[in-house]
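The numbers here are math on the coordinates, done by the rules we state, and not lab data. Because the structure is predicted, anything quoted here is derived from the model rather than measured. FYI the Cβ positions are ideal-geometry reconstructions off the backbone, even for glycines, and counts take in every protein chain you see.
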Amino acid sequence: MSELTHFNEQGRAKMVDVSDKDESVRTARARSSVLINETIYRQIREGGNKKGDVLAVAQVAGIMAAKNTSQIIPMCHPLALSGVDIEFQWNVDEEAAHYEIILHAAVKTKGPTGVEMEALTAAAAAALTIYDMCKAAGKEMVIGPTMLLEKTGGKSGDYVRG
């Protein structure tokens, strides 16, 4: 049975001590998506959103979120990230009135703990930013699912979503 490392001797939550862990290059990629309506799709594609360039702002929000993950997820360690990237893809079927933005967040560091939470937080924050910037044109947007796609490095080894 594995030891529950996030609890102290009193059974209360604690931040895990990673000072004895080996530093290694660690990466993670996460995905999220936002289902939008045709009006929002056209605004984003044609640059017609009154708040500005939706994807540019969402990209910056994702990067900022990755850098600040430890401030909003209680047991995450503050990490010196060496890279964060957010990419967007369109999944559009106009005949079926299906308009979806797929977001991929990639995060990298060299350190004693992984960056899965930073990648997930980046993807989620970028998706939430799209919602925030576009909600005037339709509040029926659907965010998610948000998921880890892969991670490398660390004692637990690599992971790739099957």
Checklist entry - Do you know which of the residues in the stretch 45-88 that are among the small types (Gly, Ala, Ser), in contact with a Lys or Arg (Cβ under 8 Å, 6 or more places away or on another chain) and not in a loop (DSSP other than H, G, I, E, B) is surrounded by the fewest Cβ atoms within 10 Å (Cβ to Cβ)? => result 83
Checklist outcome for this item: Within the stretch 85-118, the count of residues that are under 24 Å from residue 141 (Cβ atoms) and of a type in the set (Val, Ile, Thr) comes to 4
Checklist entry - Does the stretch 23-37 include one or more residues that are in a loop (DSSP other than H, G, I, E, B), among the small types (Gly, Ala, Ser) and either farther than 16 Å from residue 125 by Cα or touching a strand residue (DSSP E or B) at 6+ places or on another chain (Cβ under 6 Å) (or both)? => result no
